[in-house]
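The values are calculated or read from the model by the stated rules, or taken from the named source; none is laboratory data. Predicted model only: the values in this text are computed from it and were never measured. As a convention, Cβ positions derive from the backbone with ideal geometry for all residues, glycine included, and neighbour counts pool all protein chains shown.
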Amino acid sequence: MFTVGLTGGIGSGKSAAAGYFRDLGIHVVDADWAARVVVQPGKPALEQIAQHFGAGALLESGELDRSKLRTLIFDNPSERQWLESLLHPLIRKEITSSLNGSQGPYAILESPLLIESGQYELVNRVCVVDLPEALQLERASARDNSQQEQIRKIMATQLTRQQRLERADDVLDNTTDLAILRGQVEQLHQKYLQIAQAEQSG
């Protein structure tokens, strides 16, 4: 299955772009969905997280307290590394399973950490949703109603804009509005259909 990795920093509009691909009938695998699946109650990873960070990492319902965990790891690189080494292989397995079940001409893997996590190895092309970092910060803090300082910390754990663009095969420019973004997605869709068809016939 010809697969495109769709990525972009926080507030870039990656989810909107993924939604437009879905509207065109393309199977989109969301890496964030896979990340939630592997830490559901009853899963071994959740038990290991609770043992490592303490019961405070869980909500009263027994589910993972994401905001608490985020606080615990963002200022502590070694703890973040521990968590990533636990979760990344499990997430990758979940993603692979979902991609293998894809129907359609091609598939999209939507992942904010496509390059950082090594998930780019699962795809044939990398598509980056791009915009200036100042605009990214503005949109992300408005959307999540978060402090800009918190958004900056998240951005610091992701690749820079330049690093992402260096790895891109295709770029969606989301500097203006969503109607223009949708038009660009529709153009790329045609391109991906042609590539997928060429691969199948080749």
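Key figures for this structure:
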quantity	calculated
Residue under evaluation I49, criteria (1) farther than 24 Å from D170 by Cα; (2) surrounded by fewer than 20 Cβ atoms within 10 Å (Cβ to Cβ), criterion not met	(2)
Answer from Q81, Q40 - the residue that is among the polar types (S, T, N, Q), under 19 Å from the mean Cα position of the chain (by Cα), closer than 25 Å to E166 by Cβ and not assigned by TED's automatic domain parsing to the domain that holds D173	Q81
Tabulated pairs, the stretch 62-75, first closer than 14 Å to Q40 by Cβ, second of a type in the set (V, I, T) and not in a strand (DSSP E or B), C-beta under 9 angstrom, 6+ apart or interchain	E63/V39; L64/V39; L64/I49; R66/V39
Scan of the stretch 22-46 for residues that are of a type in the set (G, A, S) and surrounded by 12 or more Cβ atoms within 10 Å (Cβ to Cβ), ordered by number	A31, A34, A35, A45
Cβ pairs under 8 Å, 6+ apart, first in the stretch 10-28 and over 26 Å from N100 (Cβ atoms), second small (G, A, S) and surrounded by fewer than 20 Cβ atoms within 10 Å (Cβ to Cβ)	G11/S141
